[in-house]
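For reference, the structure discussed in these notes is given below.
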Amino acid sequence: MTTALTRRTTPEEDLAQVQREHGGPLFSFLLRLCDGDRQRAEDLVQETYVRAWQHPEALDPGYESVRPWLFTVGRRLAIDARRARLARPAEVGGAVLESARVCGDHAERSAAALDVREAVSTLSPEHRAVLLQVYFKGASVAEAARALGIPPGTVKSRAYYALRALRRVLPGYAPDLR
């Protein structure tokens with residue numbers, strides 16, 4: 001006796017036969033839809049078989065082949081999975097999050113800017129001029145050398161020593177170079 005809550009499912013041996021006959025082509029088809037992602041294709045194949053198990057009418061011997069039904073279900077599952085992935089924001093790894101700079105709010109950013117401004121004011125005028133050209137104006141070493149009228153090697157060394165001095169004045173800004 002079957003009740004409304006009891007569902008009829010596909011017998012395991014029938015499902016195993018479908019898998020033997022159509023598993024390879026179904027996997028190849030879904031692998032192409034998943035742009036070569038084997039894990040995703042395998043998951044979709046399994047989900048397709050779950051649907052075949054839940055719908056024994058699809059495996060009716062009266063149909064010439066169950067393959068079109070399997071491919072249609074697999075294709076729809078692939079489309080649904082792709083839409084679901086695109087609807088969610090991309091996941092980022094823990095390493096990316098750990099290296100991301102965090103500023104709580106505008107007040108915190110303003111305070112940090114004041115700290116940097118004060119630290120830069122402690123540098124010699126020559127070091128400040130190099131930092132202004134290279135870091136704040138985005139000039140290359142050669143462009144900064146031309147603008148300041150000094151050799152490129154001097155620009156490099158002044159920038160190095162200026163940053164080193166800033167690291168000492170601004171704890172937590174960057175690890176100290178030794």
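When you scan region 21-45, how many residues do you find that are within 21 Å of Ala58 (Cα to Cα), at pLDDT below 90 and charged (D, E, K, R)?
1
Test Arg128 against the criterion of being more than 30 Å from Val18 (Cβ to Cβ), at pLDDT 85 or above, among the basic types (Lys, Arg) and open to solvent by 50 Å² or more (accessible area, probe 1.4 Å), and give yes or no. Give the derivation first.
On the way: more than 30 Å from Val18 (Cβ to Cβ): yes; at pLDDT 85 or above: yes; among the basic types (Lys, Arg): yes; open to solvent by 50 Å² or more (accessible area, probe 1.4 Å): yes.
Against the criterion (more than 30 Å from Val18 (Cβ to Cβ), at pLDDT 85 or above, among the basic types (Lys, Arg) and open to solvent by 50 Å² or more (accessible area, probe 1.4 Å)), Arg128 qualifies.
Among the residues of region 115-173, count how many are outside any helix (DSSP H, G or I), free of Cβ contacts under 8 Å to residues at least 24 places away in the same chain and aliphatic (A, V, I, L, M).
2
Mind listing whichever residues of region 58-80 are of a type in the set (Gly, Ala, Ser) and open to solvent by less than 50 Å² (accessible area, probe 1.4 Å)?
Matches in region 58-80: Ala58, Gly74, Ala78.
Hey, could you check region 33-57 for residues that are open to solvent by less than 80 Å² (accessible area, probe 1.4 Å), touching a residue at least 24 places away in the same chain (Cβ under 8 Å) and within 15 Å of His22 (Cα to Cα) and say which is nearest to the chain's Cα centre (by Cα)?
Ranking the qualifying residues of region 33-57, first place goes to Leu44.
The values are calculated or read from the model by the stated rules, or taken from the named source; none is laboratory data. Fair warning: this is a prediction, and the values are worked out from it, not measured in the lab. When we count neighbours, we look across all protein chains shown, and the Cβ atoms used for this are built from the backbone with ideal geometry, even at glycine. For accessibility, only protein heavy atoms count, side chains too; no ligands or nucleic acids. Shrake-Rupley method; radii C 1.70, N 1.55, O 1.52, S 1.80 Å.
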